Amino acid sequence: MGTVRNVHDRILAAPAERVGALLDRLSGPDDPLFPSPAWAPLRLDRPLAVGAAGGHGPVRYSVAAYEPGRRIRFAFDPPGTGFHELSVESLGPGRCRIRHVLEQPLPPRERLGWLLAVRALHGTVIEELFDNAERAATGSVARPVRRGRYVRLLQRLSWDRPESVEVPAGAALLHAAFPATDYADAYALDLRPGMPTEPAAWEGTLLRTPVFGRTDREVLLGQDAGHLDYRVSVLLDAAARTVTLGSVVRIHNRRGRLYWSVVRHAHPFMARLMLRRTHRRLALAAGGASHLVSQGMDGGDNPVVLTS
């Protein structure tokens with residue numbers, strides 16, 4: 001088993017106290033550092049403190065050490081081992097270094113995954129986090145990083161996938177669309193911090209589809225035809241931090257039943273695809289660090305070291 005050690009750092013023209021104060025807000029509701037919504041947010045089950053557990057995306061860890069204004073160390077959840085740590089070091093008046101260190105023993109298969117994909121994604125997230133720190137502490141970013149094609153491809157492939165759910169009770173427009181329905185389903189995704197929660201922003205989920213109604217949390221789209229009618233609802237639940245796409249179909253005749261007997265097999269795939277595509281488009285357009293990225297496979301110019 002080999003150990004991956006990955007180091008990223010950046011010198012900022014700002015006092016360590018100012019950058020350290022940003023560090024103390026990591027994972028909070030006003031987190032100025034973690035580059036969401038372009039990336040799955042860092043969330044913990046309680047305020048930042050030793051023992052707080054959570055992670056970002058599929059990566060799970062807990063706070064193993066915390067020195068306010070100076071450093072946070074996260075230990076990876078079992079069966080994994082190792083840590084990643086974010087720290088701020090003073091370099092004198094008006095100057096400091098922000099550093100991220102990841103150290104983790106990995107078996108050969110996981111080490112290959114690190115080399116082929118995880119390293120690029122990890123490096124991008126860290127460099128975007130540094131851009132956010134520099135922007136928040138100094139007002140600008142001297143050399144913003146840029147996302148390469150390979151990272152954009154990996155990001156697209158690893159984007160959140162909708163889960164099948166019951167049609168939400170809160171989807172009032174959808175429930176009232178037809179007196180009776182022949183088919184209904186729904187799919188949901190988590191809303192990332194910074195994503196729009198106004199239904200109007202989500203009207204493009206179904207391209208060139210008429211709007212049948214709006215409320216302050218739901219938009220209803222659809223079309224009527226001689227053989228069947230359908231309605232699609234996009235429901236935004238800011239409290240639960242979810243967006244749900246629900247569909248209902250009303251069939252009129254034999255032609256409609258024949259048509260739907262074929263289309264219904266592709267419908268779940270298409271519904272998930274449309275929600276996922278819109279979710280990603282809105283997240284990347286939401287601002288923050290979403291327009292920034294790192295170059296190349298390493299996600300930055302900092303060293304990646306494999307030791308056995």
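FYI, it's all coordinate maths here, none of it is from the lab. All values reported here derive from a predicted model rather than from experimental measurement. Backbone-built Cβ (ideal geometry, glycine too); neighbour counts: all protein chains shown.
Return the FRET efficiency for the residue pair Ser90, Trp159: r is the Cβ-Cβ distance, R0 is 45 Å, and the value is rounded to the nearest 0.05.
Calculated transfer efficiency: 0.70.
In what sequence do Val7, Val88, Val219 fall when counting other Cβ within 10 Å, fewest first?
Val7, Val219, Val88
For an R0 of 22 angstrom, estimate the FRET efficiency from the Cβ-Cβ distance between Ala240 and Phe269 and round to the nearest 0.05. Before the final figure, lay out each step's value.
Values: r = 25 Å, r/R0 = 1.13.
Result of the calculation: an efficiency of 0.30.
Per residue of the chain, what 222 nm ellipticity follows from adding -39500 (n - 2.57) for every DSSP H run with n ≥ 4, rounded to the nearest 500?
-7500 deg cm²/dmol
Ranked by Cβ crowding within 10 angstrom, fewest neighbours first, how are Ile126, Ile251, Ile72 ordered? Write out the running numbers ahead of the final one.
Numbers: Ile126 27, Ile251 19, Ile72 23.
Least to most surrounded, the residues fall as Ile251, Ile72, Ile126.
How about the range 195-279: which chymotrypsin sites (Phe, Trp or Tyr not before Pro) there are in a DSSP loop, with at most 13 other Cβ atoms within 10 Å of their Cβ?
When the chymotrypsin sites (Phe, Trp or Tyr not before Pro) of the range 195-279 are filtered for loop state and at most 13 Cβ neighbours within 10 Å, nothing remains.
I need Met274, Met1 ordered by Cβ neighbour count within 10 Å, fewest first.
Neighbour counts put them in this order, fewest first: Met1, Met274.
Only Cα pairs under 8 Å and at least 6 apart count here; give the relative contact order of the chain as a rounded whole percent.
23 percent
Which angle between 0 and 90 degrees, to the nearest 10, do you get for helix 267-284 versus the longest principal axis of the chain when only C-alpha atoms count?
Tilt relative to the chain: about 40 degrees.
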